[in-house]
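Heads up: the structure comes next, in structure tokens.
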């Protein structure tokens, strides 16, 4: 794995890598966190450090384990920083729609001050609207206040598939995960789903799980697009697969996610990224369930470039043979597994992020 070189695009970025293969107790993967931290983090005394991650929807079990976050917290404290663990409320229904529900869910999933020695702060406030608009090329995206008020930002991302973006990593964690509900609506308003009636059994479950109350069912399904904010819940939760996102909508959605990602880091003094390429499931951690991984565990990557770390994660996953999975079905190595599963080109987000100056797709992996 040493000196793995990504395809040339512009300026080479360094991506540090710790393999998930551990043969001895001394090689336990969580012990690699300090080594990676020293390569990408520069924390000064009394700096407020936001550790941004997704703490998992209630019922999901494949989010980043708290033991890894605790090691990041310890390193921040060692440098004299003031760490807090953070995320924003969800736009869709579920158990993360407000700060009260999210803090309950986070605690159930193992994220608390007692497990990590750092407080958990919901960055966009009680209801998800505490933020400030950040202008990026004429687009004003509302970013959560606690993210903007931090001195440094550490972005810890579970790299996995995503039904609307192909895959989710650092850029998705930044763009969607650091936005208020208004910021999320701006990204999602271009991703309103299309309904396909051929498999519909008129079960009306979509009515129950639509958070915008935008779906009505009588003798047929009707979507009120004026009310719909494109959260994508129906595309994931419909057992019959009656809702889908056309390719052109998925592309525009990804481009907006990349723009929002730049807004999230626009005023932060320093950002470091950790991608956990383990339990690489077909869908994101917003789902209230988890599937089996599509590849074996790869390891942890760290970088100061969100584009490079996502591209490296993408390449490492696709270089492996797929594991038997209800969606992946053992996809052979060398094939874009996320496109095979979702029919969405996740590289759109990387190309847009590179275009607007967020980072570079040219990278060099350095194994520690």
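Here are some notes:
- Region 61-80: number of residues that are buried (at least 21 other Cβ atoms within 10 Å of the Cβ) and part of a loop (DSSP other than H, G, I, E, B): 3
- Identity of the residue in region 186-209, at pLDDT 90 or above and either touching a helix residue (DSSP H, G or I) at 6+ places or on another chain (Cβ under 6 Å) or in a strand (DSSP E or B) (or both), that ends up surrounded by the fewest Cβ atoms within 10 Å (Cβ to Cβ): 194
- The number of residues in region 64-82 being more than 19 Å from residue 32 (Cα to Cα) and free of Cβ contacts under 8 Å to residues at least 40 places away in the same chain comes to 2.
- Filtered residue count, region 164-183, keeping only those that are touching a strand residue (DSSP E or B) at 6+ places or on another chain (Cβ under 9 Å) and either part of a helix (DSSP H, G or I) or closer than 16 Å to residue 338 by Cβ (or both): 12
- Flag for residue 153 being surrounded by 21 or more Cβ atoms within 10 Å (Cβ to Cβ), under 17 Å from the mean Cα position of the chain (by Cα) and in a strand (DSSP E or B): yes
- Complete set of residues in region 187-207 that are touching a strand residue (DSSP E or B) at 6+ places or on another chain (Cβ under 9 Å) and farther than 30 Å from residue 141 by Cβ: 196, 197, 200, 202, 203, 204, 207
- If only residues of region 81-111 that are part of a loop (DSSP other than H, G, I, E, B) and touching a helix residue (DSSP H, G or I) at 6+ places or on another chain (Cβ under 7 Å) are counted, the one that is modelled with the lowest pLDDT is 93.
- When region 95-120 is filtered for residues that are under 18 Å from the mean Cα position of the chain (by Cα) and closer than 24 Å to residue 186 by Cα, the ones remaining, listed by number, are 95, 96, 97, 102.
- Boolean, residue 353 is touching a strand residue (DSSP E or B) at 6+ places or on another chain (Cβ under 7 Å), buried (at least 22 other Cβ atoms within 10 Å of the Cβ) and farther than 21 Å from residue 61 by Cβ: no
- Residues of region 214-240 satisfying the condition of being in a loop (DSSP other than H, G, I, E, B) and either surrounded by 15 or more Cβ atoms within 10 Å (Cβ to Cβ) or touching a helix residue (DSSP H, G or I) at 6+ places or on another chain (Cβ under 8 Å) (or both): 214, 220, 228, 229, 230, 231, 232, 238, 239, 240
- Just one residue in the set 175, 163 is touching a helix residue (DSSP H, G or I) at 6+ places or on another chain (Cβ under 7 Å), at pLDDT 95 or above and crowded, with 21+ Cβ neighbours inside 10 Å; that residue is 175.
- In region 122-134, the residue that is surrounded by the most Cβ atoms within 10 Å (Cβ to Cβ) out of those that are in a strand (DSSP E or B) and free of Cβ contacts under 8 Å to residues at least 40 places away in the same chain is 122.
- Taken over region 1-24, the residue count meeting the criterion of being modelled with pLDDT of 50 or more and within 19 Å of residue 275 (Cα to Cα) is 11.
The values are calculated or read from the model by the stated rules, or taken from the named source; none is laboratory data. These numbers were taken from a predicted model, which means no experiment stands behind them. Cβ: placed from backbone, ideal geometry, glycine included. Neighbour counts: every protein chain shown.
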